[in-house]
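Here the structure is laid out as structure tokens; the discussion comes afterwards.
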Amino acid sequence: MSNYLIPGGAGFIGSTLANYLGKENNVVVIDDLSMGKKENLDESKHITFIEGDVADKNLMEKVMKEYRFDYIFHLAAVASVADSVARPLETHRVNFDSVLLMLELVRSYQPELKRIVFSSSAAVYGDEPTLPKKEESVIRPLTPYAIDKFAAEQYVLDYCHLYGVPTSAVRFFNVYGPNQNPSSPYSGVISILVDRYKKQLAGEDTSFTLFGDGSQSRDFVYVDDVIQALLLVATKEAALGKQFNVGTGKATTLLELIHAIDEILEVELKLEYEEERSGDIHDSLADISKIQSIGYQPRYDVLSGMTNYLKTEIK
Ligand SMILES: NC(=O)c1ccc[n+]([C@@H]2O[C@H](COP(=O)([O-])OP(=O)(O)OC[C@H]3O[C@@H](n4cnc5c(N)ncnc54)[C@H](O)[C@@H]3O)[C@@H](O)[C@H]2O)c1
């Protein structure tokens with residue numbers, strides 16, 4: 001039985017991880033519920049929920065003094081790129097300051113920690129068009145969100161090299177699965193799509209707006225594969241002080257995705273077409289050979305991942 005801290009653990013990826021780990025380990029979740037929901041977490045005596053701000057120094061110091069953790073997964077963030085463009089100062093507090101604070105607190109109070117894993121993003125690669133993205137590809141962060149992710153990631157890795165804090169980082173591509181919050185207009189395209197399918201199946205007058213011709217592509221990775229990746233990165237010696245892409249290594253266009261869901265649900269989603277939005281990145285794809293070298297193997301393609309996801313969403 002190990003002890004885990006998951007800031008952001010009431011959110012989409014964090015709650016999936018907390019519920020998985022909470023079956024056999026002690027898990028402390030800190031979340032301010034700005035996007036996450038307490039109901040995402042299983043009722044379990046192994047999961048302790050603390051409502052609070054991960055950038056709050058007093059709170060975090062108290063938690064770090066009170067508990068001994070084996071592993072920390074820092075998943076808290078204002079995960080909306082658009083929000084970071086609208087409120088760079090506020091989002092910087094969460095997306096960057098909280099990470100540096102955590103590193104310092106680990107250095108002071110958690111000498112036994114086995115690993116802290118930071119969740120970075122494929123957004124750090126920006127719009128440089130060469131694909132697939134390798135970890136050492138050109139970095140071109142274009143938004144406050146991406147800049148904070150890259151800066152935080154570099155601090156995380158540097159703390160390993162400078163102070164011997166056991167750290168690793170992951171760059172998630174497009175993660176999807178149950179408990180993803182579709183309420184934000186900037187949320188992942190899959191959660192928005194699922195929301196539209198649900199409405200259409202319920203007989204509501206709804207449609208999905210495609211910007212461009214639907215040929216834009218992403219590396220969509222199912223959340224269970226992300227959990228596999230996080231646990232490997234946290235436990236493998238070879239991952240110390242390094243960052244890893246987390247995707248499937250396969251690109252799916254938006255139209256292919258929609259056709260896959262149409263097929264699973266046996267409906268045809270009503271589409272509306274609008275001009276491609278300027279500034280949108282057309283294609284994104286991970287090279288996953290680095291994480292494969294520590295044992296990662298994605299188990300889901302879009303069809304099997306979506307089939308699983310839809311089972312939980314559409315009964
Ligand atoms: N989902 C993706 O495709 C994706 C892609 C790249 C990177 N990421 C990163 O992975 C991590 C998890 O993302 P997610 O998709 O689960 O997003 P999410 O929004 O569901 O989860 C983030 C959680 O952090 C919490 N949070 C925000 N500000 C906080 C604060 N000040 N104090 C405490 N908690 C706070 C939110 O309430 C939420 O529960 C984030 O760091 C995100 O940037 C996600």
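Among the charged types (D, E, K, R), within 13 Å of the ligand (Cβ to nearest atom) and closer than 22 Å to residue 245 by Cα: does that describe residue 133? Answer is yes for this residue.
Taking the conditions (1) surrounded by fewer than 22 Cβ atoms within 10 Å (Cβ to Cβ); (2) under 19 Å from the mean Cα position of the chain (by Cα) in turn, residue 87 satisfies each one other than (2). Listed by first and then second residue, the pairs with beta-carbon distance under 6 Å, at least 6 apart or on different chains, first residue in the stretch 1-15 and part of a strand (DSSP E or B), second of a type in the set (S, T, N, Q) and open to solvent by 20 Å² or more (accessible area, probe 1.4 Å), are 3/26; 4/25.
Matching residues to (1) more than 21 Å from residue 224 (Cβ to Cβ); (2) more than 16 Å from the chain's Cα centre (by Cα); (3) more than 15 Å from the ligand (Cβ to nearest atom); (4) crowded, with 23+ Cβ neighbours inside 10 Å:
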site: 8; (1), (2), (3), (4): no, no, no, yes
site: 20; (1), (2), (3), (4): no, no, no, no
site: 23; (1), (2), (3), (4): no, yes, yes, no
site: 44; (1), (2), (3), (4): no, yes, yes, no
site: 47; (1), (2), (3), (4): no, yes, no, no
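Of the residues screened, residue 225 is one that is assigned to a helix (DSSP H, G or I) and touching a Pro at 6+ places or on another chain (Cβ under 8 Å). Listed by first and then second residue, the pairs with beta-carbon distance under 6 Å, at least 6 apart or on different chains, first residue in the stretch 24-47 and in contact (Cβ under 8 Å) with a residue 12 or more places away in the chain, second surrounded by fewer than 21 Cβ atoms within 10 Å (Cβ to Cβ) and among the small types (Gly, Ala, Ser), are 25/2; 30/52. Of the candidates 66, 51, the single residue that is free of Cβ contacts under 8 Å to residues at least 12 places away in the same chain, open to solvent by 40 Å² or more (accessible area, probe 1.4 Å) and either among the acidic types (Asp, Glu) or near the ligand (Cβ under 9 Å from one of its atoms) (or both) is 66.
Check the stretch 104-111 and report whether any residue there is within 10 Å of the ligand (Cβ to nearest atom), small (Gly, Ala, Ser) and either farther than 24 Å from residue 171 by Cβ or surrounded by fewer than 22 Cβ atoms within 10 Å (Cβ to Cβ) (or both). No - not one qualifying residue is present in the stretch 104-111.
Considering 276, 266, 313, the condition of being in contact (Cβ under 8 Å) with a residue 24 or more places away in the chain and more than 23 Å from the chain's Cα centre (by Cα) is satisfied by 276 alone. Selection over the stretch 205-234 of residues that are out of contact with any helix residue (DSSP H, G or I) (no Cβ under 7 Å at 6 or more places or on another chain), crowded, with 17+ Cβ neighbours inside 10 Å and among the β-branched types (Val, Ile, Thr) gives a count of 1. When you scan the stretch 258-281, do you find a residue that is aliphatic (A, V, I, L, M), in contact with a Pro (Cβ under 8 Å, 6 or more places away or on another chain), closer than 29 Å to residue 155 by Cβ and surrounded by fewer than 21 Cβ atoms within 10 Å (Cβ to Cβ), even just one? Scanning the stretch 258-281 turns up no residue that is aliphatic (A, V, I, L, M), in contact with a Pro (Cβ under 8 Å, 6 or more places away or on another chain), closer than 29 Å to residue 155 by Cβ and surrounded by fewer than 21 Cβ atoms within 10 Å (Cβ to Cβ).
The values are calculated or read from the model by the stated rules, or taken from the named source; none is laboratory data. The structure presented is a predicted model; accordingly, all values stated were derived computationally and were not measured. Don't worry about glycine lacking a Cβ; one is built from the backbone with ideal geometry, like all the others, and counts go over all protein chains shown. Just so you know, the surface numbers come from the protein's heavy atoms only, side chains and all, with ligands and any DNA or RNA stripped out. Shrake-Rupley method; radii C 1.70, N 1.55, O 1.52, S 1.80 Å.
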